[in-house]
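Structure first, commentary second.
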Amino acid sequence: KTLFTNAPAGELIEVHLEVDGEMEAYWIAEEIYTARNTFDFEDVAIFYRTNSQSRSLEEALLRRRIPYTLYGSLEFYERLEIKDILAYLRLFANPSDDVSFLRIYNVPTRGLGDKALETLQVFATSQGLSLWKAAELSVTDPTLKGSPKLRYLVDLLKAMRTEILENPINEAVKTVLEATEYPAYLKKKYPDQYADKMDNIQELAAGIIEYEAKNEGASLADWIETVSLVREDAKGQETKGVSMMTLHMAKGLEFPRVFIAGVEDGLLPHKNSVEDMAAVEEERRLLYVGITRAKSKITLTCAKRRRNFNNEMAHPPSRFFQEIPAELMALSFKAQEALQPEKTPVMVSYEYDEGLEGTIEEGSQVFHPTYGKGTVHGFDVHLGARKAVVNFRDFGYRKIRTSQLQLRGYALD
C-alpha cells in the first residue's frame with residue numbers, strides 16, 4: 001500500500017529548553033493560555049514520562065486558572081503517599097487537626113488497633129480535647145494507663161514536631177521519612193509501586209523547597225495554606241480542560257496541540273532504562289508515540305536541572321533529539337545552545353547599577369541586552385535580591401534581577 005495524506009505540510013517540531021522544571025511548567029502553562037483562541041483547552045494535551053512530573057505542571061496550570069483533567073492517575077495531592085506525608089505536616093502545623101491524626105495514627109503500621117483508637121476518641125470527646133492532646137494525657141496520667149505503643153507514637157510526634165518547627169521547612173519531608181521509616185513501609189506494602197511513590201514524595205519535597213526559595217522565612221503553616229488554596233481552586237473547574245497523562249496512556253489518542261515535558265536523559269529515556277538497549281528502544285518508541293499523537297502542533301520541552309529533595313540534578317537533553325532530523329525541528333535559543341552549539345551566536349551579558357527597579361511591575365514590557373523583549377509576569381525575592389519572572393519573546397521564562405532590566409520606551413543612563 002502507498003500511504004498518502006491530503007493535509008498540508010505541518011509545523012516543525014518545536015523544542016524548548018528551560019532553566020529548571022518549575023520554569024518549564026510555567027512556560028507550558030503560559031503557552032497554552034496565550035494560544036487559547038487558536039487551541040481550546042480541550043484540544044491540548046501534556047504528556048510526561050512519570051506521574052511525579054505532574055505536580056509542577058498541575059500547579060502552573062492552576063496558577064493560570066487553566067482547567068485540566070488527569071488520566072490514569074489521581075491528582076498529585078490526592079495520591080496516597082502524598083496524603084500520608086501531608087497529614088503529618090498538617091498535624092505538626094496544627095496539633096488540633098483530628099482528621100490528620102486519624103490518618104497517621106497507624107501509618108506506618110505500629111500495632112495500634114481500632115479498639116485502642118475508639119477508646120481514645122471516647123476519652124477525647126468526654127474531655128473536649130483534640131486526639132493528640134488526649135493521647136498525650138492518656139500516656140502521662142498513671143490513672144489512664146495508656147499503652148506503650150501509644151506512648152511511642154506520642155513521643156515520636158513530639159520529637160518530630162520539635163525538629164521540624166526548629167529547622168527550615170525544606171527539611172520537613174526528609175524528617176518525616178526518616179523518623180517514621182515510611183519508605184520501608186511503602187516498599188513492604190506496595191513493592192511494585194514503590195519507585196513511583198517515592199518519586200512522588202521527592203517531588204513533594206521539591207515543591208516545598210521551591211516555595212521556600214520564593215518566600216524567605218515562610219513557615220510550615222504558610223506552605224500548607226498555599227497548597228490548600230491551590231487544591232480549592234482545582235475543585236472549582238467545570239470543564240474537562242487540558243488532558244494530562246503519561247506517555248504510556250497516550251497510545252491511540254490524538255490531540256490538535258501536544259506538549260511532551262521532560263525530554264531529558266534520565267527521564268526520557270528513564271534512568272532505569274539507560275543500561276539496557278532493549279529498554280532504551282522501548283523508551284524511544286514511547287517518544288515516537290507521543291510525537292505522533294499531535295494533529296497540528298507538537299512541542300518537546302526539557303529543563304537544565306530538576307530538584308531531588310535538597311539536591312539539584314542536571315540532565316542533558318534526551319539523546320533522542322540526535323535522531324530527529326535537524327531540518328524538522330524549530331529550536332528555541334537555549335535549546336539550540338544545548339543541541340547545536342556550533343550554530344549558536346555568542347551573546348554578551350551586561351550588569352547594570354540599580355536604576356528603574358522601582359518602576360517595573362507585573363505586566364511591564366521590558367528589554368534585556370541578552371534576552372531581548374519580554375513581559376514581566378511576577379517577582380521573587382531571594383537572599384535579598386529582587387528578581388522578575390520575565391517571559392522573553394525568544395527565550396521563554398527567565399528570572400532576572402530587576403536592576404538588569406530596561407523598561408521599554410525608557411533608556412538607562
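The values are calculated or read from the model by the stated rules, or taken from the named source; none is laboratory data. Since this is a predicted model, take the numbers as computed values, not measurements. FYI the Cβ positions are ideal-geometry reconstructions off the backbone, even for glycines, and counts take in every protein chain you see.
Hey, can you tell me all the residues within the stretch 177-188 that are assigned to a helix (DSSP H, G or I) and exposed (fewer than 14 other Cβ atoms within 10 Å of the Cβ)? Within the stretch 177-188, GLU178, ALA184, LYS188 meet the criteria.
Scanning the stretch 60-82 for residues that are within 30 Å of PHE101 (Cβ to Cβ) and crowded, with 16+ Cβ neighbours inside 10 Å yields LEU62, LEU70, SER73, GLU75, PHE76, TYR77, ARG79, GLU81, ILE82. Could you tell me whether LEU61 is within 19 Å of ALA250 (Cβ to Cβ) and in a helix (DSSP H, G or I)? Yes: the conditions hold for LEU61. If you go through the stretch 4-16 one residue at a time, do you hit one that is crowded, with 20+ Cβ neighbours inside 10 Å and modelled with pLDDT of 90 or more? Yes, because at least one residue in the stretch 4-16 is crowded, with 20+ Cβ neighbours inside 10 Å and modelled with pLDDT of 90 or more. Cβ separations smaller than 8 Å between residues 6+ apart or across chains give the following pairs from the stretch 1-22 residues that are over 25 Å from ARG398 (Cβ atoms) to residues that are at pLDDT 90 or above and of a type outside the set (Gly, Ala, Ser): GLY10/LYS297.
Every residue, every condition in (1) within 29 Å of ASP222 (Cβ to Cβ); (2) modelled with pLDDT under 95; (3) surrounded by fewer than 12 Cβ atoms within 10 Å (Cβ to Cβ), yes or no:
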position	(1), (2), (3)
GLN121	no, yes, no
ALA124	yes, yes, no
VAL154	yes, yes, no
THR175	yes, yes, no
PRO191	no, yes, yes
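Got a sec? Which of TYR211, TYR190 is within 17 Å of ASN308 (Cβ to Cβ) and among the hydroxyl-bearing types (Ser, Thr, Tyr)?
Checking each option against the conditions leaves just TYR211.
Looking at VAL230, VAL289, which one is modelled with pLDDT of 90 or more and assigned to a helix (DSSP H, G or I)?
Only one candidate qualifies: VAL289.
Applying the criterion of at least 3 residues that are modelled with pLDDT under 75 and closer than 22 Å to GLU24 by Cα to the strands (runs of 3 or more DSSP E) found wholly in the stretch 316-413 leaves 372-382. Mind checking which residues of the stretch 102-160 are farther than 22 Å from ILE85 by Cβ, hydroxyl-bearing (Ser, Thr, Tyr) and in a loop (DSSP other than H, G, I, E, B)? Scanning the stretch 102-160 gives THR143, SER147. Scanning the stretch 248-274 for residues that are touching a Leu at 6+ places or on another chain (Cβ under 6 Å) and surrounded by fewer than 22 Cβ atoms within 10 Å (Cβ to Cβ) yields nothing.
Would you mind finding the one in ALA87, ALA60, ALA134, ALA93 that is over 28 Å from ASN170 (Cβ atoms) and of a type outside the set (Ser, Thr, Tyr)?
It is ALA134.
Does SER296 satisfy the criteria of being in contact with a Pro (Cβ under 7 Å, 6 or more places away or on another chain) and hydroxyl-bearing (Ser, Thr, Tyr)? Considered against the rule, which asks whether it is in contact with a Pro (Cβ under 7 Å, 6 or more places away or on another chain) and hydroxyl-bearing (Ser, Thr, Tyr), SER296 comes out as yes.
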